[in-house]
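Here the structure comes first, spelled out in structure tokens, and everything after it is commentary.
Every read-out reported here was derived from the displayed coordinates using simple, explicitly stated rules and does not represent laboratory data. Note that the coordinates shown come from a computational prediction; the quantities given were computed from them, not determined experimentally. Every residue, glycine as well, gets a Cβ built from its backbone with ideal geometry; the counts of neighbours run over all protein chains shown.
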Amino acid sequence: MYDGEALERLRGEFSGVYKRPSEFAVRAPGRVDLMGSHTDYNEGYVMTMAIDRETVVFAASTPRETVRVRSIHMDEDVEFSIADRADPRSVVDSCASTWARYVAAVFAAVHESGVFPSGADLLIDTDVPIGGGLSSSAALECAVLQVILQLTRTEMDGRDQARLCRRAENEYVGVQCGILDQFSSVMARKGSVIVLDSRDLSFDTVSVPDGLAFVVCDTNAPRELGSSEYATRRMECEEAAALLGERMNGVRTLRDVSPTALEEHLPALPEPVQRRTRFIVEENARVGALARAFERSDLTAVRSLFLESFTGARELFEIVVPAMEAMHDAMLRAPGCIGARQAGAGFGGCMIAAVETPAREAFVRSVVSGYRAETGNEARAYLVNAVAGASLITGVLR
Ligand code: GLA
């Protein structure tokens, strides 16, 4: 989170870089999922919250048909043209650096929708850990879309914003993510945990039991296999849905398979598709079960659901790497821990624990030292709170 002082500093940097004042600033948060790994692209449920780690952008319009971007975080300047209105892809193709392609992709997706903003000067900074499974990409995309909405004085429904940013990532960056990250970054509610229905993007807010807090710990394990394995999991889930659709009426995606129907039809599936299917169907059911456990303040159920999710992720969906196992052990041993599981896509990156609030600091100290003793790696820990989705920054700036 950027406080007033940090934002003033960034505003000063904007003036220093572009020799003119910024006109406005926007923000968009990262997210962490509490239950529902890989259910979003199966049109299932996910429990998610936006976290107090965010991307901020200071901006000013220009009459030129170019976008200049200074990333403080990456310490890099990039410029791309938005002149070719007929070919949105050309906007992205002219960007060499990966992070800038996310920025350009949002301009391209906006062009594709028939809206043509002016050029702009942007200064970007973020405190969302990059590539750690907390949706640094979505935070960047959703913040850039906020800038474009300001530049063009356009109102856009939040779900449409999420869809546009997802399209930007799928079609123009080439990452086949689901809707979870962008939805969370745009639609999140301050102080609330959300249960998202990925099929129609409806959602409910869920209250978290008093005295329960969430801590995210980054394994710092490289996620090299992440994107190819993610694509494989998606294909396996699609194959499962197609095979089950031949045997059962009304099955379009794995979301349509109930835990009871699963037992009857699962043996017909080949491996590893069988294991993947069991995980998704059970994980989907765990989202509702966790919401009910929160409502009853049933911490024993919370603990079992987190454990079942992690065990399924390891044995059935196979997205757990050794560093995540070590982190899980360190988390479960730490004081105040109610439960711990993977966050995001898995294959390294961050894990999340539900922790008794008064024990948060002791929990962090214990996890960091336990994980170091086991792996020799340094973990970073974040005490996270639920914040609101992407917005214009008002009030704090003079
Ligand atoms: C990544 C994707 C999301 C979702 C998660 C796994 O974060 O971007 O769409 O599929 O993995 O739940």
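In terms of the Cα gyration tensor, with a ≥ b ≥ c the square roots of its eigenvalues, is region 54-175 rounded because a/c is under 1.5, prolate because a/b exceeds b/c, or oblate? Judged from the Cα gyration tensor, region 54-175 comes out rounded (a/c under 1.5). This model, with +1 at the C-beta of Lys and Arg and -1 at the C-beta of Asp and Glu, gives region 46-137 a dipole about its Cα centre of some 180 debye. Each Lys and Arg Cβ is given +1 and each Asp and Glu Cβ -1; about its Cα centre, the chain then shows a dipole of about 580 debye. Approximating the spin labels as points 7 Å out from Cα along Cα→Cβ, the LYS19-to-ARG365 distance works out to 5.3 nm.
Between region 302-345 and region 225-277, how far is it from one alpha carbon centroid to the other, in angstrom? That distance is 23 Å. Summarising the strand pairing of the chain, around 90 percent of its internal DSSP beta bridges are antiparallel. The calculated FRET efficiency for ALA373 paired with SER61, based on their beta-carbon distance and R0 = 45 Å, is about 0.25. Across the chain, the longest piece that holds none of the GluC sites (Glu not before Pro) lying in DSSP loops with up to 11 other C-beta atoms within 10 Å covers 1-154. FRET efficiency for the MET235 to ASP197 pair, using the beta carbon distance and R₀ = 30 Å, is estimated at 0.80.
The trypsin sites (Lys or Arg not before Pro) of region 94-186 that DSSP puts in a loop, and whose beta carbon has at most 10 other beta carbons within 10 Å, are ARG153.
With the simple model of a label 7 Å out from the Cα in the direction of the Cβ, ASN249 to ARG153 spans 5.4 nm. Extension gain, THR260 to THR357, is 31.2 nm, computed as 0.36 nm per intervening residue step minus the present C-alpha separation. In sequence order, region 357-373 has phi-based couplings of 3, x, 8, 3, 5, 5, 4, 4, 4, 5, 5, 4, 6, x, 5, 5, 4 Hz under the Karplus curve 6.51 cos²θ - 1.76 cosθ + 1.60, θ = phi - 60°, and Gly or Pro positions carry x.
The chymotrypsin sites (Phe, Trp or Tyr not before Pro) of region 322-398 include none that DSSP puts in a loop with a beta carbon having at most 14 other beta carbons within 10 Å.
Computed from backbone phi with θ = phi - 60° and the Karplus coefficients 6.51, -1.76 and 1.60, the 3J(HN,Hα) list for region 254-265 is 5, 4, 7, 9, 7, x, 6, 4, 4, 4, 6, 9 Hz; x is used for glycine and proline. Approximating the spin labels as points 7 Å out from Cα along Cα→Cβ, the LYS190-to-GLU79 distance works out to 3.9 nm. Potential lengthening of the chain between ARG380 and THR394 amounts to 2.0 nm, from the contour at 0.36 nm per residue minus the alpha-carbon distance.
Please work out whether region 140-195 counts as rounded, prolate or oblate from its C-alpha gyration tensor, where a ≥ b ≥ c are the square roots of the eigenvalues and a/c under 1.5 means rounded, while otherwise a/b larger than b/c means prolate and anything else oblate? Oblate, since a/c reaches 1.5 and b/c is not below a/b.
Does region 288-327 classify as rounded, prolate or oblate by the C-alpha gyration tensor (a ≥ b ≥ c root eigenvalues; a/c under 1.5 gives rounded; else a/b over b/c gives prolate, otherwise oblate)? The shape class here is prolate.
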